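Below: the structure, in structure tokens.
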Amino acid sequence: MSPKKGRVFSGARPTGRQHLGNYLGAIKNYVALQTDYDCVYCIVDIHALTTMDATIGLKQNTFEMAFDWLAAGIDPEKSIVFVQSHVPQVMELHTILSMVTPYGKLIELPTFKDKIKQQPKNINYGLVGYPVLQAADITLYKSDLVPVGVDQAPHIEFTREVVRSFNFRYKTDVLVEPAMKVTEIPKVLGTDGVQKMSKSLDNHIELASTAEETQKRVMTMVTDPQRMRRNDPGNPDVCNVFSLHKIFTSAEDVKSINAECRNAGIGCVDCKKKLAANLNMYFTPFRERRAELVKDPDHVEEILRDGAKRACVIADQTIHEVHEAIGMLE
Ligand code: ADP
């Protein structure tokens with residue numbers, strides 16, 4: 001086996017059953033990175049507490065997400081998969097890093113500004129510190145690379161700055177500046193064809209849906225808005241159904257759908273039926289694996305606990321080095 005190129009870290013809030021946006025924007029990438037990197041994948045339940053809604057059904061959502069991750073191919077033999085709160089050292093590092101973080105910087109981050117608009121009645125202290133906790137997650141595991149969506153880019157830049165501040169203040173090189181790997185598909189559109197696919201907008205297609213549910217959702221997808229009637233020629237370049245065909249349909253079929261849409265040879269209904277069939281085919285093995293995992297949640301919990309144990313070993317070492325760098329009595 002060739003040596004790994006470094007350590008990858010990624011965390012996502014326990015949002016329950018994952019959708020195509022999560023899969024194409026994150027999970028698929030997580031699975032692929034396991035070949036070349038030591039990967040640490042974390043279900044960040046503490047981060048979820050910054051948003052009240054996300055705390056409803058937290059335990060179940062944590063399981064649902066773990067089922068999806070594992071069924072999709074995140075392999076606990078290759079990677080560390082765990083729940084953030086099971087490694088409490090991250091809370092300590094968060095507090096330590098908060099001392100080298102200028103407050104003004106946090107409130108200027110675009111993600112924070114968006115959040116205040118989204119939840120004006122719940123601008124809690126934790127929300128302001130969200131990126132500091134993220135920086136603690138990344139640096140606790142001495143991560144070299146963080147796969148993110150473009151919207152998270154400022155947070156990685158922020159983490160790099162925090163690392164530089166810490167290392168400069170304590171004249172050390174204990175913390176590692178992470179690089180960022182922007183996901184290839186940063187924005188999967190929802191069934192409305194306009195907004196980012198998201199659970200809260202109810203425009204999503206869940207990976208774990210049944211074949212019938214998937215077909216039902218796909219049939220509601222908005223296509224080329226200019227194509228009003230079956231005999232109108234369509235424009236695949238502006239059609240979200242076609243974007244998904246490009247991912248889930250064979251190259252040969254994509255070519256013919258492209259041509260036939262433009263000359264009205266194929267209608268949107270048939271085009272969607274094809275997409276639903278291909279999605280269902282693609283996710284059949286995933287759904288079978290998931291069904292097995294769902295039958296045995298205790299086993300999934302063991303996987304997560306074992307992941308936390310392995311994560312703790314790295315975390316303890318980093319915290320020890322941080323204490324030494326600062327000059328604390330251990
Ligand atoms: P979090 O805010 O904790 O990252 P999300 O559920 O919003 O949780 O996203 C989890 C991951 O899935 C992130 O990496 C995010 O970029 C990705 N993701 C979510 N929705 C989409 C989408 N519609 N298109 C592309 N990527 C997405």
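Numbers at a glance
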quantity: Every pair of residues 6+ apart whose Cβ atoms lie under 7 Å, when the first sits in region 117-132 and is among the hydrophobic types (A, V, I, L, M, F, W, C) while the second is at pLDDT below 95 and in a loop (DSSP other than H, G, I, E, B); calculated: 127/50
quantity: Hey, residue 225 surrounded by fewer than 20 Cβ atoms within 10 Å (Cβ to Cβ) and within 12 Å of the ligand (Cβ to nearest atom) or not; calculated: no
quantity: Condition met for residue 276 (free of Cβ contacts under 8 Å to residues at least 12 places away in the same chain and either touching a His at 6+ places or on another chain (Cβ under 7 Å) or more than 30 Å from residue 90 (Cα to Cα) (or both)); calculated: no
quantity: The one condition in (1) of a type in the set (S, T, N, Q); (2) more than 17 Å from residue 23 (Cβ to Cβ); (3) without any contact (Cβ under 8 Å) to a residue 24 or more places away in the chain that residue 203 fails to fulfil; calculated: (2)
quantity: Matching residues in region 1-10 - criterion: being modelled with pLDDT of 95 or more and surrounded by fewer than 23 Cβ atoms within 10 Å (Cβ to Cβ); calculated: 6, 7
quantity: Residues that are more than 16 Å from residue 218 (Cα to Cα) and among the polar types (S, T, N, Q), drawn from region 258-316; calculated: 258, 263, 284
quantity: Any hit, region 113-128, residues being under 23 Å from the mean Cα position of the chain (by Cα), modelled with pLDDT under 95 and within 24 Å of residue 4 (Cα to Cα); calculated: no
quantity: Test: residue 307 is of a type outside the set (A, V, I, L, M), surrounded by 13 or more Cβ atoms within 10 Å (Cβ to Cβ) and under 21 Å from residue 31 (Cα atoms); calculated: yes
quantity: Residues of region 233-285 that turn out to be loosely packed, with under 14 Cβ neighbours inside 10 Å, farther than 23 Å from residue 212 by Cβ and within 31 Å of the chain's Cα centre (by Cα), as a count; calculated: 6
quantity: Candidates 101, 172, 139, 111 - the one that is among the hydroxyl-bearing types (Ser, Thr, Tyr) and closer than 24 Å to residue 19 by Cα; calculated: 111
quantity: Among the residues listed as 189, 175, 201, the single one being crowded, with 20+ Cβ neighbours inside 10 Å, closer than 25 Å to residue 147 by Cβ and not hydroxyl-bearing (Ser, Thr, Tyr); calculated: 175
quantity: Residue list for region 149-194, restricted to those being of a type in the set (Lys, Arg) and at pLDDT 95 or above; calculated: 160, 164, 169, 171
quantity: Filter result for residue 249 (over 17 Å from residue 193 (Cβ atoms) and free of Cβ contacts under 8 Å to residues at least 60 places away in the same chain); calculated: yes
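The values are calculated or read from the model by the stated rules, or taken from the named source; none is laboratory data. Only a predicted model underlies this, so the values are computations on that prediction, with no experimental measurement involved. Neighbour counts run over all protein chains shown; Cβ positions are idealised from the backbone, glycine included.
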